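Take a look at the structure set out below.
Taken together, the values in this text are just the output of simple stated rules run on the coordinates, not laboratory data. The structure displayed is predicted, hence computed values, not measured ones. Neighbour counts run over all protein chains shown; Cβ positions are idealised from the backbone, glycine included.
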Amino acid sequence: MPRYEPVIGFEVHVELCTNTKIFCGCSTRFGAPPNTQVCPVCLGMPGVLPVVNRKAVEFAIRTAIALNCGITKYTTFDRKNYYYPDLPKNYQISQNYASLGTSGWVDIDVNGTVKRVRINNVHLEEDAGKLLHPEIPGANYSLVDLNRAGTPLVEIVSEPDLGTADEALAYMNTLKNLLEYIEVSDCKMQEGRLRFEVNISLRESGAAKLGTKVEIKNLNSMKTALKCIGHETRRQTALLERGEKVFQETRLWDEAASVTRAMRSKEVAHDYRYFPDPDLVEIHITDEWQEQVRAHLPELPDAKRQRFIAEYDLPEYDARLLTASKTVATYYERAAAAHNNPKAISNWMMTEVLRELRERDIEPDDFPLKPEGLAAIVEMIDDARISGKIAKDVFAKAAQSGRDPGEIVNAEGLLQVTDTGEIEKWVDEAIAENPDMVAKVKAGQTKTFQALVGQIMKKSRGKANPALVNELLKSRIP
Amino acid sequence: MELYEMTAHELRGKFERRELSSAEVTAAVMKRAADIEPLVRAYVTIAHDEADSAAAEADRALAPGKSAPPLAGIPIAVKDNMCTKGMRTTCSSKILANFVPPYDATVVTRLRGQMAVITGKTNLDEFAMGSSTENSGIHKTFNPWDLERVPGGSSGGSAAAVAAGMAIMATGSDTGGSIRQPASFCGVVGLKPTYGLVSRYGLVAFASSLDQIGPITRDVEDAALLLNAMAGHDPLDTTSAKIMPPDYTTFINRSVKGMRIGLPAEYFGDGQEPEVRAAIDKSVRKLEELGAEPVEVELHHSPYAVAAYYLCATAEASSNLARYDGAQYGMRAEADNVIDMCSRTRARGFGAEVKRRIMLGTYALSAGYYDAYYVKALKARTLIKRDFDRAFEKCDVIASPTSPTAAFKVGEKTDNPLEMYLSDIFTIPVNLAGICAISIPCGFTLQNLPIGLQLIAPAFEEGRLFTISHAFEQATEWHKKRPSVMPSS
């Protein structure tokens, strides 16, 4: 047992998928030319005032409900004051004194064991802009793009309830999945829509007393977060083992060097001087509003899993795997709707589709083979138009190109041969060419019978209907 | 009487009877402004061309058979902390000296909607922080009644312009007395509406929970006309009240018989000039003669008002003014890195009083001091508000001096900020309580300096203020006196 164990907590920033920003009417679309989705309000010009986007509040309520939080009846906004050029007002409108959701929890599945992680609070805030540092040698300036400034964020603050990298990964995955489920964010990490900040302290293994906490920013993927946890645990362990102290500080992850670095003292705001934003009135979240949001809450993972078991007659294992991500579940449901063989489709999902997604590191939405295509493949097997083996080839081709499976089968002449005349010809040829094998079959060797079937299938280039081959071969070798 | 000395309601009648055009009045006002601006220095920007074309447009709307809005063709000056699209808005600060907003404040939008003629932008204490307009980063403004004296502040430019005929009416903003105190010093009418009655959108924020825009005019009826144009809910300002304001002109020409006038002992103690005290006493007797009944009320917590105000207001200001960093608009001091750019810009762009308040406010919000200062100030604010609630159970309006003194000399108080802060001792509690108050001329000192009477009413009871101050005005001649500023030849 190592002498020290890490204690890990998360602050997760989620960009909400509202059409417009949190305090003005500007679009939140990603990827527009710099500073084209801005107005006096999100630019923080003199005299402008914020007006809260009701949809953003609703998404935050949804998030708080999904994370089992208590909803604050009168929620308020506060100003977090710090100077940075990507923050037009030099304060961020956030929530500090009356966060929208408090004291929640979420269950995570760590290699089959369920663990409950407490959520300290869920609150709303505005995103900052982006600084662009020109990669021109000698450039002595930076540029500011404020398109993102004012995009609504939900921040989910956990208690330090995680103890291992596995738990951290399960927590991140569970959150991402949940957020996709409740349709508050598309969680595209490559677009910065889901961002992680980790806090880590070490304590003597088994001890209750927590050590000094270090916060790490700038983690843009789960992989990075895990690397960072590993690195920071080693760094703090080394410090403690040398008898040195861990400083309470905020550090930045340096992706290139795979290390955390202390921020320059001038970059750190030591005191955010939070105070209630006098420009915004408190928001009354009535019971009716809360109930309305609850009633329209999209199906959560647990409920979906139960439904998959009941509706599609799937084993618990299948249902758990298929509902582990909302996008996978949606893919499955579309396929299952297109052809009525839910278990076969589930098998194809769990083996072929999930493997392809994992290997290519893509989302189901970006997978060239559409759910209806997968259903068509299974349907062709069920209708005995192609064999399972041919089906694998068709799948591989469709998964690469996105071509319609039926079209692939037709164009490449892969349709199963059920014409007994043609199959009889291959059977007769095989018997004629393999007298030794025929003798063994006659002697009762079933293995050799299968090998002979294989020879026939080979001759048909996999297209012969295996059942017919079996039947005909049996009738030829009494 | 010169055209530039008339009131808006008088001009309105002449426009309707086709005795005058907006172009004529505007020309007279703009000439007056140009003539005496070198002496009074009320404006930061005089908008000759814009005024001319607005007047021409108003005259087309005033043509026979058309129904023009009540303020059509009236030359109105706008305090330079309210954004005007395409017209420089400086807040009388070096840091915004070159700032041209791409949008109008809601109040400006409404004035334009009424086809008012915007004459230009008036001077103020930098970011409305001050009581004498001496803190302007552009230039000082002088009191038309005595050019060696201050016009009050922070809306000193607006009050001086209205008093001296450089505009018919003007907008002001009042965070702790910035409309009423200069109105009192310049012998004009100034109204601070209830918090939330007038939209703050486009008003460059000083202290957001206290700032209110209001009218500065030559008489009470004009104040009602201008408030009519400005008041009402604005979806761009969530702190603006969701009410339909009444037509405030319907509250004038009403009797004050039986109206109870609260006289708080705390407002009639030491610390005010005897001449001011005498004028207020005389005004209260005048109101009695008109049928009003004086009653004694208590405002126990008012001694804490100035202290609470200078914590709340500066705390908000320290955050509101953080955006002036040289990055996006306004002044920028060049530097090798962004941190130095920001701090140098602020060091050079802000004046001493603004820096003092930013530091005060930053301190009040700092970890470890927040509860002791900011939160405590909020509690005091609640107690002050409750005092007013109780007092208004016994009376309909409260009377007091607007300021403990008449206009003081330029430079007299600049070395002693605390003494300067005390000139708002009677006006500040009204902002803290979020209620409404008016200052009207009620007498003159032996040196011929105007004295103001403050009348305070509960939230959204501006109507009471118009009734009582109009009755007082009808029974007195103070509002008819005009300073005689002669252009130097």
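In this model, which of A:Lys425/A:Lys458; B:Lys192/B:Lys394; B:Lys94/B:Lys192; A:Lys326/A:Lys370 are farther than 19 Å apart at the alpha-carbon? Exceeds cut-off: B:Lys192/B:Lys394; B:Lys94/B:Lys192.
Helix content alone sets the calculated 222 nm mean residue ellipticity of chain A: runs of n ≥ 4 DSSP H residues at -39500 (n - 2.57) each, divided across all residues, give -12000 deg cm²/dmol.
Shape class for the range A:1-140: oblate, because the ratio a/c of the largest to smallest gyration tensor axis (alpha-carbon atoms, square roots of eigenvalues) is 1.5 or more and b/c is at least a/b. Using only side-chain charges placed at the Cβ, +1 for Lys and Arg and -1 for Asp and Glu, the dipole size of the range A:1-119 relative to its Cα centre rounds to 240 debye. Under a straight-distance cross-link criterion of Cα-Cα below 18 Å, which lysines are reachable from A:Lys89, leaving out those fewer than 8 residues away in the same chain? Once the sequence-local lysines are set aside, what remains near A:Lys89 is A:Lys21, A:Lys80, A:Lys130, B:Lys355.
Once the other residues with Cβ under 9 Å from the Cβ of A:Asp127 are scored (Lys, Arg +1; Asp, Glu -1), what is the net sum? Neighbour charge sum, excluding A:Asp127 itself: -1. Straight-line reach only, C-alpha to C-alpha below 18 angstrom: list the aspartates and glutamates that A:Lys463 could link to, leaving out same-chain residues fewer than 8 apart. Filter leaves A:Glu379, A:Asp382, A:Asp383, A:Asp393, A:Glu407, A:Glu412, A:Asp419, A:Glu422, A:Glu424, A:Asp428, A:Glu429, A:Glu471.
Exposed loop sites here are chymotrypsin sites (Phe, Trp or Tyr not before Pro) assigned a DSSP state other than H, G, I, E or B and surrounded by at most 14 other beta carbons within 10 Å; excluding them, the longest clear run of chain A is A:248-478.
Helices that extend 24 Å or more along their long axis by alpha-carbon positions and average at least 0.0 on the Kyte-Doolittle scale are, among the DSSP H runs of chain B, B:22-40. The A:Ala139 and A:Thr330 beta-carbon pair, evaluated with R₀ = 35 Å, returns a calculated FRET efficiency of approximately 0.20. Ranking B:Cys83, B:Ser21, B:Met169 by Cα position along the charge dipole of the protein assembly as shown, where only Lys, Arg, Asp and Glu carry charges on their C-beta atoms, puts B:Cys83 farthest toward the positive end. Of all beta bridges that DSSP places with both ends in chain B, some 70 percent have antiparallel geometry. Annotation for the range A:168-200: trypsin sites (Lys or Arg not before Pro) lying in DSSP loop with at most 15 further Cβ atoms inside 10 Å of their Cβ are A:Lys188.
Taking label positions 7 Å along the Cα-Cβ direction at both A:Lys343 and B:Met359, the computed distance is 8.1 nm, reported to one decimal.
The angle between the Cα long axis of helix A:446-459 and the main principal axis of chain A comes to about 80°, on a 0 to 90 degree scale. How would you classify the range B:205-244 from its alpha-carbon gyration tensor, with a ≥ b ≥ c the square roots of the eigenvalues: rounded for a/c under 1.5, else prolate if a/b is greater than b/c, otherwise oblate? Oblate, because a/c is 1.5 or more while a/b does not exceed b/c. A Förster radius of 56 Å, combined with the Cβ-Cβ distance separating A:Arg54 from A:Lys115, puts the computed FRET efficiency at roughly 0.95. Between the amide H of B:Ile243 and those of B:His233, distances stay under 5 Å, these residues lying 5 or more places away or on another chain, with hydrogens modeled in the peptide plane. Distance from the alpha carbon centroid of the range B:67-123 to that of the range A:349-391 works out to 66 angstrom. Exposed loop sites are taken as trypsin sites (Lys or Arg not before Pro) in a DSSP loop (any state but H, G, I, E or B) with at most 10 other beta carbon atoms within 10 Å; the longest stretch of chain B without one runs B:258-489. The phi-based Karplus calculation (6.51 cos²θ - 1.76 cosθ + 1.60; θ = phi - 60°) puts the 3J(HN,Hα) values of the range A:192-205 at x, 7, 9, 10, 10, 10, 10, 10, 10, 9, 10, 9, 4, 3 Hz, whole numbers, x for Gly and Pro.
In this label model, A:Leu415 and B:Ala61 are separated by 7.8 nm, measuring between points 7 Å along each Cα→Cβ vector. Sparsely packed loop sites in the range B:99-195 (the chymotrypsin sites (Phe, Trp or Tyr not before Pro) outside DSSP H, G, I, E and B with at most 14 other Cβ atoms within 10 Å) do not occur. Taking each residue as 0.36 nm, the span from A:Glu183 to A:Lys245 lengthens on full extension beyond its C-alpha to C-alpha distance by 18.0 nm. For the pair the range B:206-277 / the range A:146-161, the C-alpha centres are spaced 43 Å from each other.
Residue pairs exceeding 28 angstrom between C-alpha atoms, taken from B:Lys282/B:Lys480; A:Lys343/A:Lys474; B:Lys140/B:Lys282; B:Lys66/B:Lys480; B:Lys79/B:Lys242: A:Lys343/A:Lys474; B:Lys140/B:Lys282; B:Lys66/B:Lys480.
Principal-axis analysis of the Cα atoms of chain A puts helix A:301-312 at an angle of about 20° to the longest axis.
Using Cβ point charges alone (K and R +1, D and E -1), the dipole size of the protein assembly as shown about the Cα centre works out to roughly 1000 debye. Along the axis of the charge dipole computed for the protein assembly as shown (Cβ charges of +1 for Lys and Arg, -1 for Asp and Glu, origin at the Cα centre), the listed residues A:Met189, A:Leu179, B:Thr427 are led at the positive end by A:Met189. Checking the a/c ratio against 1.5 first, then a/b against b/c, what shape does the Cα gyration tensor give for the range A:4-292? The shape class here is oblate. In this structure, A:Arg261 and B:Asp52 have a Cβ-Cβ separation that, at R0 = 56 Å, corresponds to a calculated FRET efficiency of about 0.35. Against the main long axis of the alpha-carbon atoms of chain A, helix A:371-382 sits at an angle near 20°.
Entry note, chain B: the mean residue ellipticity at 222 nm calculated from DSSP H runs of n ≥ 4, each adding -39500 (n - 2.57), is -11500 deg cm²/dmol after division by the residues and rounding to the nearest 500.
When only the Cβ of Lys, Arg, Asp and Glu is charged (+1, +1, -1, -1), the dipole of the range A:299-411 relative to its Cα centre reaches about 200 debye. Ranking A:Thr327, A:Pro278, A:Thr164 by how far each Cα lies toward the positive end of the dipole of chain A (charges on Cβ) leaves A:Thr164 at the top.
Sites count as exposed loop sites when they are GluC sites (Glu not before Pro), lie in a DSSP loop, and have at most 14 other Cβ atoms within 10 angstrom; the longest stretch of chain A without one is A:1-134.
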